[in-house]
Amino acid sequence: KKYWGKWDPRKFKANFKKENIKIIEYDKRKIGFFEVTHKGLVAYLNNIQIIDFFQGKGIGKNIVALIEAGEKGVGTKKIQLQVFKKNPAKLFYRKLGYTVAKSSAHSVIMEKTL
């Protein structure tokens, strides 16, 4: 709400493409999901969510590594993502080799060449 204003279910529904969503499972339990889309030779990690209990255990790092390997295998040249400047995930991505490509008032676009 702080960055985007009030919740708009119509916008959410219009932008939610279940064919792009991959569920993350651990020990037969659904613990998160991620979404990747493409434009040319660039992949966009639009969203990755892991429930709190499983964060900090290396699962996110492994998921991102699997995404990168899969994308590299199909010829993708770069992965980009957007994160709020105050989001601790920015440091997570930096540790994985992502750098800031663009900056706006509240967020940054980070990228990694594969």
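The values are calculated or read from the model by the stated rules, or taken from the named source; none is laboratory data. Computed from a predicted model, the values in this text were never measured in an experiment. Glycine gets a Cβ as well: all are built from the backbone with ideal geometry, and neighbour counts include every protein chain shown. To get the accessible areas, we keep the full protein, side chains included, count just its heavy atoms, and leave off ligands, DNA and RNA. Shrake-Rupley method; radii C 1.70, N 1.55, O 1.52, S 1.80 Å.
Which pairs do you get when a residue that is open to solvent by 30 Å² or more (accessible area, probe 1.4 Å), found in the range 67-88, comes within reach of a residue that is outside any loop (DSSP other than H, G, I, E, B) and aromatic (Phe, Trp, Tyr), reach meaning Cβ atoms under 9 angstrom, with the pair 6+ apart or on two chains?
Within 9 Å, the pairs are GLN80/TYR44; GLN82/TYR44.
Quick check on this structure: which one of LYS61, LYS11, LYS6, LYS57 is in contact with a helix residue (DSSP H, G or I) (Cβ under 9 Å, 6 or more places away or on another chain), open to solvent by 100 Å² or more (accessible area, probe 1.4 Å) and either under 27 Å from HIS106 (Cα atoms) or in a loop (DSSP other than H, G, I, E, B) (or both)?
None of the other options fit; the residue is LYS61.
Taking the criterion of being touching a Phe, Trp or Tyr at 6+ places or on another chain (Cβ under 6 Å) and either open to solvent by 50 Å² or more (accessible area, probe 1.4 Å) or farther than 27 Å from PHE12 by Cα (or both), would at least one residue in the range 98-111 satisfy it?
Yes.
Being open to solvent by 100 Å² or more (accessible area, probe 1.4 Å) and part of a loop (DSSP other than H, G, I, E, B) is the filter here; which residues of the range 20-40 pass it?
Residues satisfying the conditions are ASP27, LYS28.
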